[in-house]
Amino acid sequence: MYFHGTTKVNDKGHLEIGGLDTIELAEKFGTPLYVYDVALIRERARSFKNTFEKLGITAQVAYASKAFSSIAMFQLAKEEGLSLDVVSGGELYTALAAQFPVEKIHFHGNNKSREELEMAMEHQIGCIVVDNFYELELLSTICAEKGMQANILIRVTPGIEAHTHDYILTGQEDSKFGFDLQNGQAETALRTALDSHSLHLLGIHCHIGSQIFDTTGFVLAARKIFEKLNEWKNNFSYEPQVLNLGGGFGIRYTSEDDPIPAFQYVEEIIEEVKTQAGRFLMKMPEIWIEPGRSLVGDAGTTLYKVGSRKEVPNVRQYLAVDGGMSDNIRPALYQAKYEAVLASRPLAKAEETVSIAGKCCESGDMLIWDLPLPKAETSDLLAVFCTGAYGYSMANNYNRIPRPPVVFVENGEARVVVKRETFADLIRFDLPLTEKVKN
Ligand SMILES: Cc1ncc(COP(=O)(O)O)c(C=O)c1O
């Protein structure tokens, strides 16, 4: 079994994270429980940042906060000198509540509302990544009304397909995101931005997909973009200050995954950008990246309590836990795979193959299929690894199941950073039939 970060087996033979026994964590905070290994998040952040610094490249490493957003997480990102990518008014609000430096916030999204764009402008955030013509016009109008100028990146789709699951592909031509680089849309957007007094075009953005295990896609995307940039240099005397190559760096969910280390992604991206800038005699742009999953994914572990067991003779053993698609919808949404151990005996030999079912009223609510495990009893604690990205942030209240708490562990200390929802929380917006809604 592969243990990430500070995860290990302690003297009692129990699973430990951040210097704390997971059995004790579950006793103290209940289950399901999201546990984040803060030291590992710091290590990942530093690995990305230090590589740029070591190679003398002006850069921003923006945490793609959709992976897991909370006030404490944003404060941690701030402590580590990261920038922040937000995609909604809610994420921006959280960033402001965390007092994240506004100039390091980048606002994404394919359908930002007027209210969201106004909020971004009023708080003078670092840049807006413009996704489509509607937004380009709306943002210009808002800026003109407010007498302001917005720093923008133009998001392009370079037509590169990253090798990953279809649902999380965003760089190919048939995508809801961005301006197509090949069919002239990106050029029209560029000219519109250059002609507008309300917009200051910092540069170009692309994001080719997620859970990418090598640098081929990034290299190809950089090449395609530079070929277009060369045309734009010749035709419009435009050279970008910033090239943002997005996120998508893969992590090891299971033994089938074999990503390269963070520094290697960065080194090879820098090398390609240098080569391309040299090839077209262009000045070296700042390189921005937006890792989400690779900063927090393997730092997260979910602890569940085992409940019921159902045997389908000669077919399958179902083992049900006290959470499921309400706290981690990824397996149901796109067949995401995870590994797990029993926290009380993580190294014990597997004695059976079980499938881990959630408790939601949905046959598709399965967390792990065909997991080799020692014989588990009711009340045993199951630790599912690598749940730190798109787990809690996609959690929901299906079946009115309260969302679990999130605990940060580091150097033997645990801090609750998101409280467990209560039943009372679940009904706080409900109004009885008999009461008239007051405006
Ligand atoms: C524009 C953009 N940047 C960054 C990311 C982060 O991707 P990942 O978490 O795979 O690094 C995403 C993910 O959807 C994205 O859409």
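Below are the figures for this structure:
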| item | result |
| --- | --- |
| From phi via Karplus (6.51, -1.76, 1.60), per-residue ³J(HN,Hα) for the range 140-155 in Hz, x at Gly/Pro | 4, 4, 4, 4, 4, 4, 8, x, 10, 10, 9, 7, 10, 10, 9, 7 |
| Low-density loop cleavage sites - trypsin sites (Lys or Arg not before Pro) in the range 258-294, where at most 10 other Cβ are within 10 Å (DSSP) | LYS283 |
| DSSP-loop chymotrypsin sites (Phe, Trp or Tyr not before Pro) across the range 1-106, with at most 14 other Cβ within 10 angstrom | TYR2 |
| Value in Å of the Kirkwood radius, where the range 13-80 supplies the Cα pairs that are averaged | 14.2 |
| Those GluC sites (Glu not before Pro) in the range 353-419 that DSSP places in a loop and that have at most 16 other beta carbons within 10 Å | GLU362, GLU377 |
| Range of Cα positions in the range 220-308 per principal axis (Å), largest first | 67, 20, 17 |
| For the chain: relative contact order, % (alpha-carbon pairs under 8 angstrom, 6 or more apart) | 19 |
| Kirkwood-Stokes translational diffusion coefficient of the range 108-291, alpha-carbon pairs, 4 °C, 1.567 mPa s, µm²/s | 77 |
| Cα-centred dipole magnitude for the chain, charges only on beta-carbon of K, R (+1) and D, E (-1), debye, nearest 20 | 480 |
| Pairwise centroid distance, computed over Cα atoms, of the range 361-439 with the range 135-160, Å | 37 |
| Within the range 345-376, backbone nitrogen closer than 18 Å to the virtual label 7 Å beyond the Cα of GLN335 toward Cβ | 355-356, 363-371 |
| Virtual spin-label span in nm between SER308 and LEU96, 7 Å along Cα→Cβ | 4.6 |
| Debye intensity ratio I(q)/I(0), log10, the range 337-439, q values 0.10, 0.11, 0.21 Å⁻¹ (C-alpha model) | -0.43, -0.51, -1.31 |
| Largest-first ellipsoid semi-axes for the chain, taking √(5λ) over the Cα gyration tensor eigenvalues, angstrom | 41, 25, 20 |
| Residues listed by number, the range 85-129, amide nitrogen under 16 Å from ILE71 label point at 7 Å toward C-beta | 90-101 |
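Computed from the coordinates by the stated procedures, all read-outs in this text should not be read as laboratory data. None of these values were measured; they are calculated from a predicted model. So basically every Cβ, Gly included, is an ideal-geometry build from the backbone, and we count neighbours across all protein chains shown.
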